[in-house]
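Notes follow once the structure below has been shown.
The values are calculated or read from the model by the stated rules, or taken from the named source; none is laboratory data. Since the structure is predicted, the reported quantities are computational estimates derived from the model, not experimental observations. Cβ sites come from the backbone with ideal geometry, for glycine too, and all protein chains shown count toward neighbours.
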Amino acid sequence: MSDIIPKFFEVDNAAQIFVAINSLKETTISRIALNLDRPVNKNRLEQAMRDRLKRFPFFQVYLRKHFFGYYFEHTDDVPVIEDDSRWTNRYINFEAGNFPFKLKTKGKTIALELSHILSDGYGTLVFLLSIVAKYFELEGVSIEDFPLIKTEESPASNEEWECGFRNTFNKKGPPQKLQSKAYIPTGEMIPVEKYYSTRFLMDLEEVRTLARSMNVTLNVYVAGIYTAALQELYLEDRASNKVNSTLPLRIQIPVNLRKYYPTKTLRNFSYIYSPVFHIKDKALNFSEIVHSIAEQIRHERHSHSVEHQIARNLRAENNPFFRFLPRVLKKLLFKLFYHIFARSLYSGVLSNLGDIKLPPALEKHIESFDIIPCNSPVPGRNTAIFSYKGKLEMNIGSSVNDLRLENKIEDQLTELGIHYEVVYKRDT
């Protein structure tokens, strides 16, 4: 391991907004859980976490504040492993001396719930798999070297805990236009201590074959299913005069920028594509939706839209007025900006963690994954898609009390001839 471990770590560029909005209603907590082929030995898991935390000093931190902002402080404290609970992704008060993550277990399940102030889905997955690999090593299982697994024997580089945005992107770029408000599906909020989910489980190869038949990626095809369902909701709400007919549909599709930019960062390093649809007199058919998403993502990629948006954020961060604004005012501005210019921009969110591959010795003992993104009161649902061992899953985390979107997705899957199983986690 590296001999020099800094005591203090900066909050990365993207994480600043998550620090500002963290609340009972918007917890910023995402969850990756895995189910083993055996009951979990909690004492052994505790030892595995203690050992692996030495490799992740930038996660073994408390959030601290100074006059101008926030930072992380490394600690020798070790979090207590908690019993897993029915309702997940719940609020953590980081400013009250709590770790920005929780490791939880129950039965055969090990789950990591981690805030976006620390990392994105990729960093969460790496941290969890590294702990679980150590757990099985303590069980006497030899785990092969694997890119997603970090060990104490491999030194941690500075790049892992530094901000990938600041190190990779230039602050220079053209001004960015503000996007217009989008259609937001209506829904009654559930109590903040709960978080519903709906899991759609499908055969990966069946859906992949359908995507190939349309010459699009799996991600685009599933985004098409999601958007088609949203369009049905939009048309229903418009027909009953519940929504302004001029509002567009806009989908937020986070992309792991590590695919395009070589970096070792385990901080946030994702940004978003934003396909938009203006539904006028006639609904778009499924083929039109899918090919429009593919074309819009292609255009955003080749026009460097994501890079320009990141450059704008870096410029804002380095603005002298903003840099030397007191933390209290800065937090208020972040919240105001987020509520006015971010919350109202997206009809739905669809994050893809891809096809999860593991070393054979570990794959043998991990039967399945359950991934649920952080909650959001607007648009009320966040969705994760991923695949493992030939199963494709779409997992919708919901802060609202109705199943309109979920039912429309079922209709879309049935219409496309896709076989699926659906698992609900709700009050009844």
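Just a few scattered comments:
- Search result, residues across the range 282-298 that are of a type in the set (Asp, Glu) and either more than 24 Å from Ala239 (Cβ to Cβ) or outside the structural domain of Met214 (by TED's automatic domain parsing) (or both): Glu295
For every residue, the table says whether it meets (1) in contact (Cβ under 8 Å) with a residue 60 or more places away in the chain; (2) buried (at least 16 other Cβ atoms within 10 Å of the Cβ); (3) under 18 Å from Asp77 (Cα atoms); (4) of a type in the set (Gly, Ala, Ser).
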{"site": "Tyr91", "(1), (2), (3), (4)": "yes, yes, no, no"}
{"site": "Phe99", "(1), (2), (3), (4)": "no, yes, yes, no"}
{"site": "Thr105", "(1), (2), (3), (4)": "yes, yes, no, no"}
{"site": "Ile117", "(1), (2), (3), (4)": "yes, yes, no, no"}
{"site": "Ile131", "(1), (2), (3), (4)": "yes, yes, yes, no"}
{"site": "Phe136", "(1), (2), (3), (4)": "yes, yes, no, no"}
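- Scanning the range 139-167 for residues being over 20 Å from Arg50 (Cα atoms) and outside any loop (DSSP other than H, G, I, E, B) gives a total of 6.
- None of Asn13, Asn93, Asn22, Asn89 is in contact with a Cys (Cβ under 7 Å, 6 or more places away or on another chain), at pLDDT below 95 and not assigned by TED's automatic domain parsing to the domain that holds Glu363 except Asn13.
- Residues satisfying the stated conditions in the range 17-33, i.e. within 16 Å of the chain's Cα centre (by Cα) and either free of Cβ contacts under 8 Å to residues at least 24 places away in the same chain or not in a loop (DSSP other than H, G, I, E, B) (or both): Ile17, Phe18, Val19, Ile21, Ile29, Ser30, Arg31, Ile32, Ala33
- Scanning the range 60-69 for residues that are in contact with a helix residue (DSSP H, G or I) (Cβ under 8 Å, 6 or more places away or on another chain) and either at pLDDT 95 or above or farther than 20 Å from Ile92 by Cβ (or both) turns up Gln60, Tyr62, Leu63, His66, Phe67, Phe68.
- Verdict on Leu128 being farther than 30 Å from Leu230 by Cβ and touching a Pro at 6+ places or on another chain (Cβ under 6 Å): no
- Candidates Ser157, Ser85, Ser142: the one that is within 29 Å of His308 (Cβ to Cβ) and either exposed (fewer than 15 other Cβ atoms within 10 Å of the Cβ) or touching a helix residue (DSSP H, G or I) at 6+ places or on another chain (Cβ under 9 Å) (or both) is Ser157.
- Some residue of the range 34-44 being in the same structural domain as Glu153 (by TED's automatic domain parsing), modelled with pLDDT of 95 or more and buried (at least 21 other Cβ atoms within 10 Å of the Cβ): yes
- Which numbered condition Gly140 misses (of (1) touching a residue at least 40 places away in the same chain (Cβ under 8 Å); (2) farther than 30 Å from Ser274 by Cα): (1)
- Unmet criterion (only one of (1) among the polar types (S, T, N, Q); (2) in contact with a strand residue (DSSP E or B) (Cβ under 7 Å, 6 or more places away or on another chain); (3) more than 15 Å from Leu128 (Cβ to Cβ)) for Gln47: (2)
- Output for the range 245-270, where each listed residue is without any contact (Cβ under 8 Å) to a residue 40 or more places away in the chain and part of a loop (DSSP other than H, G, I, E, B): Ser245, Thr246, Tyr260, Pro262
Here's the yes/no breakdown for (1) at pLDDT 95 or above; (2) polar (S, T, N, Q); (3) surrounded by fewer than 18 Cβ atoms within 10 Å (Cβ to Cβ); (4) in a helix (DSSP H, G or I):
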residue	(1), (2), (3), (4)
Gly173	no, no, yes, no
Tyr221	yes, no, no, yes
Ala228	yes, no, no, yes
Asp237	no, no, no, yes
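- Condition met for Pro57 (out of contact with any helix residue (DSSP H, G or I) (no Cβ under 6 Å at 6 or more places or on another chain) and farther than 30 Å from Val141 by Cβ): no
- The requirement of being touching a Phe, Trp or Tyr at 6+ places or on another chain (Cβ under 7 Å) and assigned to a strand (DSSP E or B) is fulfilled nowhere in the range 36-57; no residue meets it.
- Which numbered condition Ile117 misses (of (1) closer than 23 Å to Ile371 by Cα; (2) not in a loop (DSSP other than H, G, I, E, B)): (2)
- Among the residues of the range 113-150, those that are over 24 Å from the mean Cα position of the chain (by Cα) and not hydrophobic (A, V, I, L, M, F, W, C) comprise Lys134, Tyr135, Glu137, Glu139, Gly140, Ser142, Glu144, Asp145.
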